[in-house]
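Heads up, the thing below is written out as structure tokens.
The values are calculated or read from the model by the stated rules, or taken from the named source; none is laboratory data. Nothing here was measured: the structure is a model prediction, and the numbers come from that model. Note that we place each Cβ from the backbone using ideal geometry, even for glycine, and neighbour counts take in every protein chain shown. Only protein heavy atoms, including side chains, enter the accessible area calculation; ligands, DNA and RNA are left aside. Shrake-Rupley method; radii C 1.70, N 1.55, O 1.52, S 1.80 Å.
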Amino acid sequence: MKMTAGSRAIQALLFLGLMVPLAFAQKEKSTAEKDDVYAELEKAPRKARMRRNPMEGDRDAVAAGSKLFALHCAECHGEMAEGSRKAPSLLADPVQQATPGTLFWVLTNGVVRRGMPVWSKLPEPQRWQIVSYLKSLTPAPKSGP
């Protein structure tokens, strides 16, 4: 079957009609994925979210957590937890507003599909020290008017 200029034009329009929405959907998906970096916090079971930090208010725990953070977390999350290309900021509202139990759960279980390792082999007191350190950080300033 011989293609005429008109049929090629129709075929091109059909192709574009299918591809342009697909391109927009992929762009929207990548934007949603960027906004979704904190979604794992929402997945913490209620029981985990309700756990209290046994080291809450302990200055020594914060200092120890700072050292553990530098050793285990700063490579990806940045020296000041500001985030990097590898991992999101831990100063952001979703993290700073999360319960200590939620942070402990994420730390324990990791976010493997996003490259965060499981830290369950780190002794539980050390994981709570990291949570204490994270909760001691000053949240990122809000942008906007």
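Just one of (1) in contact with a Lys or Arg (Cβ under 8 Å, 6 or more places away or on another chain); (2) open to solvent by 100 Å² or more (accessible area, probe 1.4 Å); (3) under 18 Å from residue 136 (Cβ atoms) trips up residue 60, so point out which.
So residue 60 meets the others, but not (1).
What pairs can you find where one residue is in segment 63-81 and at positive phi, the other is open to solvent by less than 50 Å² (accessible area, probe 1.4 Å) and part of a loop (DSSP other than H, G, I, E, B), and their Cβ atoms are less than 9 Å apart, with a gap of 6+ or different chains?
78/87; 78/89; 78/90; 81/73; 81/89; 81/90; 81/91; 81/137
What is the residue count in segment 113-123 for residues that are without any contact (Cβ under 8 Å) to a residue 60 or more places away in the chain and either open to solvent by 80 Å² or more (accessible area, probe 1.4 Å) or small (Gly, Ala, Ser) (or both)?
4
Somewhere in segment 93-101, is a residue under 19 Å from residue 66 (Cβ atoms), over 14 Å from the mean Cα position of the chain (by Cα), modelled with pLDDT of 95 or more and of a type outside the set (Lys, Arg)? Write out each step before concluding.
Step one: filter segment 93-101 for residues under 19 Å from residue 66 (Cβ atoms), giving 95-96, 98, 100.
Now narrow it down to the ones that are over 14 Å from the mean Cα position of the chain (by Cα): 100.
Going one step further and asking which of them are modelled with pLDDT of 95 or more, we end up with 100.
Keeping just the survivors that are of a type outside the set (Lys, Arg) gives 100.
There is at least one residue in segment 93-101 that is under 19 Å from residue 66 (Cβ atoms), over 14 Å from the mean Cα position of the chain (by Cα), modelled with pLDDT of 95 or more and of a type outside the set (Lys, Arg).
Could you tell me which of the residues 89, 132 is more than 19 Å from residue 40 (Cβ to Cβ), modelled with pLDDT of 95 or more and surrounded by 18 or more Cβ atoms within 10 Å (Cβ to Cβ)? If you could, list the steps in order and put the result at the bottom.
Numbers: 89 fails: more than 19 Å from residue 40 (Cβ to Cβ).
None of the others qualify; the one that does is 132.
If residue 16 meets every condition in (1) more than 25 Å from residue 141 (Cα to Cα); (2) open to solvent by 60 Å² or more (accessible area, probe 1.4 Å); (3) at pLDDT 95 or above apart from one, which number is that one?
The single condition residue 16 does not satisfy is (3).
Given the criteria at pLDDT below 60, surrounded by 10 or more Cβ atoms within 10 Å (Cβ to Cβ) and among the charged types (D, E, K, R), does residue 75 qualify? Show your work before the answer.
On the way: at pLDDT below 60: no; surrounded by 10 or more Cβ atoms within 10 Å (Cβ to Cβ): yes; among the charged types (D, E, K, R): yes.
Judged against the criteria, residue 75 is not a match.
Looking only at residues that are open to solvent by less than 60 Å² (accessible area, probe 1.4 Å) and modelled with pLDDT under 85 in segment 28-44, which one is farthest from residue 99 (Cα to Cα)? Give the steps one after another, and end with the answer.
As a first pass, look at segment 28-44 and keep what is open to solvent by less than 60 Å² (accessible area, probe 1.4 Å): 30, 32, 37-41, 44.
Those left that are additionally modelled with pLDDT under 85: 30, 32.
Values: 30: 28, 32: 24 Å.
Among those that are open to solvent by less than 60 Å² (accessible area, probe 1.4 Å) and modelled with pLDDT under 85, it is 30.
Do any helices (runs of 4 or more DSSP H) entirely within segment 33-116 hold 3 or more residues that are in contact with a Ser or Thr (Cβ under 9 Å, 6 or more places away or on another chain), and if so, which?
On the way: elements: 46-49, 59-72, 74-77, 93-96, 100-109.
By residue number, 59-72, 74-77, 100-109.
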